[in-house]
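Everything on this sheet refers to the single structure shown next.
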Amino acid sequence: MDVVQLGYFGIGSSRVDDWRTFGRGFLGMQPVDLGAGQLALRMDDRAHRFLVHRSSRDGMAYFGFEVADAAALERAAARLSNADVGLTRGSTAEQDIRRVAGMVWFADPDGNRVELFHGAAPSETPFVPARPIGGFRTGTLGLGHVVLMTDDFETMQRFYLETLGFRLSDFVTAPFRGAFTHVNARHHSLAILEGPKKSFHHVMVEYNFLDDVGRLYDKALIEPDRVSVTLGRHANDHMLSFYSRTPGGFMIETGWAGRLIDDATWQPHEVYGPSIWGHERSWLPPDARRQARALTDAAADRGVVEPLQVVDAPGFDLSPLSPRY
Ligand SMILES: [Fe+2]
């Protein structure tokens, strides 16, 4: 299938005001009120990357993967129909609020609403972050990644790899089973973790500047119970990151310097554990936390280090910010 990037992320919320405060004050995204209890959060030159809809059900509502054009969307729809995946065409109202030219949606085996779309409209106005930060690393890499927890790991893995055609990057077997999949050069745009229940685990956004993640960590540390996973570095995508609790009941990972991979030469493989160092996970049960710590301790004992892939802020015009520095 011709999926090219994770394009947008939809949230249902009974606390839209909290999301506005969180998106603007904490994450530094640009909030845009769309009326009728709907809020867009911008990360770049697209009209939005996050959409919050007023709802009595709090949490992830959907995520949208982009395909190249209308023909690619029709090809994808035909392939899903052949695989007996029940498809629904996006309504005009749904496509309008998402600012896309075409959309279809379906439920994955766990019931998560997955959307495929094409033709995302750029915003009429330039992106202005809510705080003087160096913006987000998006572009053709997409908005970041989403991670799903499932109690039916095999079925979910098969669906994303075989039915949707996502490519396996690598996998872990401890302290939980996890499969990391890519659709472009970003190491993973979607991952599946095995756990006790079906739930939305986290969404990740990547900052252009290390110092912005550091300052965000300063902010998070002084808020009671904000940090859910401490600062650390992932063993597979090499992302330096920490995780925070959101008003939606799931976590957001905020990171820097994620690794890019070359699909032509990349070989899927097992990774020794989820993190090189750090990432103390408050969401894990005590046994699994001990196992995670043992894995990072073992990596330290072996002296495992990974290279940093640092890029200039890609395509982000810093000139509007410079007077503030
Ligand atoms: Fe992540």
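Structure summary
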{"read-out": "Residue that is nearest to the ligand (Cβ to nearest atom), among those in the range 244-273 that are in a strand (DSSP E or B) and in contact with a helix residue (DSSP H, G or I) (Cβ under 9 Å, 6 or more places away or on another chain)", "value": "G255"}
{"read-out": "Test: L51 is assigned to a helix (DSSP H, G or I), surrounded by 20 or more Cβ atoms within 10 Å (Cβ to Cβ) and in the same structural domain as G111 (by TED's automatic domain parsing)", "value": "no"}
{"read-out": "Positions within the range 73-103 being part of a loop (DSSP other than H, G, I, E, B) and of a type outside the set (A, V, I, L, M, F, W, C), in sequence order", "value": "D84, G86, G90, S91, R99"}
{"read-out": "Subset of the range 27-46 (residues that are under 18 Å from the mean Cα position of the chain (by Cα), hydrophobic (A, V, I, L, M, F, W, C) and either modelled with pLDDT under 95 or in a strand (DSSP E or B) (or both))", "value": "A40, L41"}
{"read-out": "Selection status of F209, in contact with a Phe, Trp or Tyr (Cβ under 8 Å, 6 or more places away or on another chain) and either closer than 21 Å to V67 by Cβ or within 16 Å of the ligand (Cβ to nearest atom) (or both)", "value": "no"}
{"read-out": "Filter result for the condition that a residue is free of Cβ contacts under 8 Å to residues at least 24 places away in the same chain and of a type outside the set (V, I, T), over L6, L39, L34", "value": "L39"}
{"read-out": "Among residues of the range 225-243, those that are more than 18 Å from Y272 (Cβ to Cβ), near the ligand (Cβ under 10 Å from one of its atoms) and in contact with a Gly (Cβ under 7 Å, 6 or more places away or on another chain), counted", "value": "1"}
{"read-out": "Selection within the range 136-171 - away from the ligand (no atom under 15 Å from the Cβ) and basic (K, R)", "value": "R158, R167"}
{"read-out": "Residue list for the range 150-196, filter: basic (K, R) and out of contact with any Asp or Glu (no Cβ under 6 Å at 6 or more places or on another chain)", "value": "R158, R167, R186"}
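The values are calculated or read from the model by the stated rules, or taken from the named source; none is laboratory data. All values reported here derive from a predicted model rather than from experimental measurement. Note that we place each Cβ from the backbone using ideal geometry, even for glycine, and neighbour counts take in every protein chain shown.
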